[in-house]
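Here is the structure we will look at, set down as structure tokens.
The values are calculated or read from the model by the stated rules, or taken from the named source; none is laboratory data. Note that this is a predicted model, so its numbers are computed, not measured. All Cβ positions, even for glycine, are placed from backbone atoms using ideal geometry, and neighbour counts span all protein chains on display. Heavy atoms of the whole protein, side chains included, go into the accessibility calculation; ligands, DNA and RNA do not. Shrake-Rupley method; radii C 1.70, N 1.55, O 1.52, S 1.80 Å.
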Amino acid sequence: MSAVQFGIFTIGDVTTDPTTGRRPTENQRIKMMAAMAVKAEEVGLDVFATGEHHNPPFVPSSPPTLLAYIAARTSEIILSTSTTLITTNDPVKIAEDYAMLQHLADGRLDLMMGRGNTPAVYPWFGQDLRRAIPLAAENYELLHTLWRKENVSRQGTFRTPLQGFTSTPRPLDGVPPFVWHGSVRSAEVAEQAAFYGDGFFVNNIFAPTGHYKQLVEFYRERYAHHGHGTPQQAVVGLGGQTFLKARSQDAFKGFRPYFDRSPVYGGGASLEEVAERTPLTVGSPQQAIDKTLAFREIYGDYHRQLFHVDHAGIPLEAALEQIEILGTEVVPVLRKEMEAVRRPDVSDAPRHPSAPRA
């Protein structure tokens, strides 16, 4: 078992490369995500995760399809979402699609639930943004039940009733996919994760770490309150973003065009300022190691670290280079250093008992 899982995640944006003026086709971008997942397994990373979006310029509108394709090309890496939209997807369909995928991937599957960051998606799927929080709570309660019980009858507020319904296929060996609840700012998400004893994953990219620390501490406190273990045993995951080169100067030079044209970063604080005050790591492998190890000092022992390496037009070759550096130079050191100081009462990272291991 792994104490901490390391991996990558993608949001699948189709963006013009500001250094070449080339814009990938949707086909090329989809194949790029699959190639990144295969590379991540080749270099020994533990997790590949994809976001879910239903609007341009993003392409991952069907994570089960993408992850099933990747499952057929890999054998050990855990496949995940980052996130699955619990508000606008029917929980019955989530239960069916991801149980099927869990079987195809031999258990190498988990999910991250979230409300997403595109308000317009709600009416596209017949929902009301103003009811997002109670909708998310009701939908997840139903999904949680469908994976654990048969002959389910439910009368809810946001969908037609179920009478004696059993979702198929049943979870592999009777063990549902592990669920994380992803959050950028919502204490309600942390409370939901704590109530069910699920994992809590914080974005850990755009804001200073102090913002995310408050959410993690609240989740740990509520996890213990609901009787799932001590605060230190709560299952925490963190995001992150890297652009690495052997020399720090080359990393800043290489990443600056993407940063300056990024719809998230561009036009605001300078690259140097953002790298200084947020979890963004631009620099050498050793700088990535140092900054990531500092996350443990801020958040305590945690279970999953995912890095974002391919946004804002970064081409496939550069993304694969980032994955290579992470897998060969950064993550081996992080595993060793984090294991050496890990509290003995902290659980291993979640993994289905039937899933193959390297």
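Does region 32-87 come out rounded, prolate or oblate by the C-alpha gyration tensor, with a ≥ b ≥ c the root eigenvalues, rounded set by a/c under 1.5 and, if not, prolate when a/b is larger than b/c and oblate if not? Cα axes put region 32-87 in the prolate bin. Per residue, the average separation of C-alpha pairs within less than 8 Å and at least 6 apart gives region 263-358 a relative contact order of 31 percent.
Gly268: net charge of surrounding residues, Cβ under 15 Å, Lys/Arg +1, Asp/Glu -1, itself excluded?
For residues surrounding Gly268, the net value is -1.
With R₀ fixed at 51 Å, the C-beta to C-beta distance from Asp348 to Arg22 puts the FRET efficiency at about 0.75.
Measuring max minus min along each principal axis, the C-alpha atoms of region 51-120 give extents of 36, 26, 14 Å (largest first).
Rounded to two decimals, the Cα radius of gyration of region 119-219 over 2.2 N^0.38 Å is 1.25. Contact order for region 191-308, expressed relative to its length and based on alpha carbon pairs under 8 Å spaced 6+ residues apart, stands at 32 percent.
Pop the C-beta distance of Arg357 and Ala269 into the FRET formula with R0 = 45 Å and round what comes out to the nearest 0.05.
0.60
Annotation: extensible slack from Ser75 through Asp90 equals 2.5 nm (criterion: 0.36 nm per residue apart, minus Cα-Cα distance).
Evaluated on region 186-271, the Kirkwood hydrodynamic radius is 14.9 Å, with distances taken between all distinct Cα atoms.
Expressed as a whole percentage, what fraction of the accessible surface of the chain belongs to carbon and sulfur atoms when a 1.4 Å probe is rolled over the protein heavy atoms? Display every interim value, and only then the final one.
On the way: 7920 of 15140 Å².
About 52 percent, which is the carbon plus sulfur part of the accessible surface.
Peptide packing for 26-39, 69-82 was compared via the average number of neighbouring C-beta atoms within 10 Å per residue; ordered from the highest value, the list is 69-82, 26-39. Computed 3J(HN,Hα) for region 95-100, one whole-Hz value per residue from the Karplus formula 6.51 cos²θ - 1.76 cosθ + 1.60 where θ = phi - 60°, is 4, 6, 4, 7, 5, 4, glycine and proline marked x.
With a cut-off of 8 Å between alpha carbons and a minimum separation of six or more residues, what is the relative contact order of region 53-209 in percent?
Values: 223 pairs, mean separation 34.8, N = 157.
Reported as a whole number, the value is 22 percent.
Full extension of the segment from Glu339 to Arg277, taken as 0.36 nm per residue of separation minus the current Cα-Cα distance, would add 19.7 nm.
Against the empirical 2.2 N^0.38 Å (N residues), region 230-358 has a Cα radius of gyration ratio of 1.15.
Ratio to report: Rg/Rh of the chain, with Cα atoms as the point set and Rh obtained by the Kirkwood method; give two decimals. Write out the running numbers ahead of the final one.
Details: Rg = 19.6 Å, Rh = 20.7 Å.
For the chain, the value is 0.95.
For the chain, what does the accessible surface come to per residue with a 1.4 Å probe? Please give it in Å².
42
A Cα-only calculation for region 1-157 places Rg and Dmax at 16.8, 56 Å.
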